[in-house]
Amino acid sequence: MLEVEIHKFAFITTEFAFLVRALFFLLFGFLAEVDDVINLETLPWALGTVLGIFLIRFVFLKLFKLPTSPLLFIAPRGLITILLFLSIPAEQKFNLVNNSLLIQTILICALVMMFGMMTTKKAKNEVEVVDESTDLF
């Protein structure tokens, strides 16, 4: 009986976390403008930032002898980046680090993550388990 309640609680917690993330990404969507996405002044900085993120991640994965694929590609830059950027007071912001750089970095990381996961193949011994007992309500 307790296991069922724990499973229900985990399900509700997961759904609530999804709702919170969705609301923040809606905020991000309202914050983004088309001019920010195609700003060519900050694009090299965004590409350099993303390259640095994945390069450092690759070095640490090799250093700790972990498999690089698919761990290299799972490097989301979204919710926490938005929250941290929005929490910076206006007088402490740099001209270079603006909405455009933030949006481009998040979108490029998302694209790298998407293409990386699409090109990563499942291991032969990895079996996808389908749990049919998820209908709890």
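The values are calculated or read from the model by the stated rules, or taken from the named source; none is laboratory data. Everything numeric here is computed off the predicted structure, so don't read it as measured data. Cβ coordinates were reconstructed from backbone atoms using ideal geometry, including for glycine residues, and neighbour counts include every protein chain displayed.
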Exercise for review: Spot the failing condition for F28; the list is (1) free of Cβ contacts under 8 Å to residues at least 60 places away in the same chain; (2) within 16 Å of the chain's Cα centre (by Cα), and only one is missed.
Suggested key: (1)
Check your understanding: Do we have F115 as part of a loop (DSSP other than H, G, I, E, B) and more than 20 Å from F24 (Cβ to Cβ) here?
Key -> no
Check your understanding: Of (1) under 19 Å from the mean Cα position of the chain (by Cα); (2) at pLDDT 90 or above; (3) surrounded by fewer than 11 Cβ atoms within 10 Å (Cβ to Cβ), I56 satisfies all except one. Which?
Key -> (3)
